[in-house]
Amino acid sequence: MLIVFPRIHIIQKLNIIMSDIDKMKNGELFAYFINLHKDDNPTKSYNLYQDLKVILALKDHPAIQSRHFKEIEEKQIVKRSYESIKSRYTDFLQYLTEEDYNQIAAFIREHQNLNSFLIFENKKFVKVSNIDPKSLYSERKKQDDDVLESRKKVKTDGKKFNDATYPKNEFDKFSIEDLDQVLQILAEHKGVPKAYLVEKLHQLSGNLDDLEILLNTNDETHCFIEEEDLLLKDFNTNRQSTAIKLLVRKKQKDRIQRRLRFLGLQA
């Protein structure tokens, strides 16, 4: 005889479980889902399940030592080698902060599984992702290669630049189509609007190297603002003025010369 439990009882039970989960501290939450999780595939990148097992295995040691990683290997807490476990902890997991743990716990409460992955950049935790980080890094490398290839093409197509009769403006080194392609790839790679890149490239006299520096550092020192462009209009007749000298010191001579050519103020 098939016994059908009233649906209301199931819903009430689920609500009780969810309520308990919400009340759990991070460590309790991690341990709870570890007990529910059975998959520990050593051929994949470290997933949440493996990372959390390492973290919980080490949490009660005031000073982490090599023997602690050896214990994790010997007890098969995770099916990884001693070297792999030690590297994973010393390169990434030890840098997790309380705020990071809160973010991880929030993800687990929402998604109710440990099949996802911790994503780090420069040893700093960024997010939890359902995509294997190896795939993310491969995609990022492809994007980097696309940017480099596009920049090589730009420089190759600018072979006439060495000709004395060829325009010296940075934008004239390559076609509109090539420039648009480079900016589109950069916009997707850096996650910024293409219009922003066009604006900054204009302020940088069309120099892609300076644009890359800006995107990597957020330092706009090399960007020329309207007031500085107005100063440069009198550069040839007033280059000994204090304002011009300070501007040259700030921007450096090569960028001043590039800006003058860009603005059409110098041949």
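Which one of these is modelled with pLDDT of 85 or more and under 30 Å from residue 122 (Cβ atoms): 252, 240, 184?
One residue alone meets the criteria, 252.
So which residues in region 76-90 are open to solvent by 40 Å² or more (accessible area, probe 1.4 Å), closer than 22 Å to residue 114 by Cα and out of contact with any helix residue (DSSP H, G or I) (no Cβ under 8 Å at 6 or more places or on another chain), if there are any at all?
Answer for region 76-90, where residues must be open to solvent by 40 Å² or more (accessible area, probe 1.4 Å), closer than 22 Å to residue 114 by Cα and out of contact with any helix residue (DSSP H, G or I) (no Cβ under 8 Å at 6 or more places or on another chain): 76, 79, 87, 90.
How do the helices (runs of 4 or more DSSP H) wholly within region 192-241 filter down when requiring 2 or more residues that are farther than 22 Å from residue 180 by Cα: which remain?
Once the helices (runs of 4 or more DSSP H) in region 192-241 are filtered for at least 2 residues that are farther than 22 Å from residue 180 by Cα, what remains is 226-232, 235-238.
For residue 154, state whether it is within 30 Å of residue 181 (Cα to Cα), among the hydrophobic types (A, V, I, L, M, F, W, C) and either open to solvent by 80 Å² or more (accessible area, probe 1.4 Å) or at pLDDT 60 or above (or both).
For residue 154, the condition - within 30 Å of residue 181 (Cα to Cα), among the hydrophobic types (A, V, I, L, M, F, W, C) and either open to solvent by 80 Å² or more (accessible area, probe 1.4 Å) or at pLDDT 60 or above (or both) - is not met.
So residue 223 fits all but one of (1) surrounded by 12 or more Cβ atoms within 10 Å (Cβ to Cβ); (2) farther than 30 Å from residue 192 by Cβ; what number is the exception?
(2)
Suppose the filter is in a loop (DSSP other than H, G, I, E, B) and more than 16 Å from residue 206 (Cβ to Cβ); does residue 266 pass it?
Judged against the criteria, residue 266 is not a match.
If you scan region 193-206, which residues turn out to be open to solvent by less than 40 Å² (accessible area, probe 1.4 Å) and within 15 Å of residue 220 (Cβ to Cβ)?
197, 200, 201, 203, 204, 205
The values are calculated or read from the model by the stated rules, or taken from the named source; none is laboratory data. No experiment lies behind these values; they were computed from the predicted model shown. Here the Cβ is made from the backbone with ideal geometry for all residues, glycine too, and neighbour counts use every protein chain on show. Accessible surface is based on the protein model in full, side chains and every heavy atom, while ligands, DNA and RNA are left aside. Shrake-Rupley method; radii C 1.70, N 1.55, O 1.52, S 1.80 Å.
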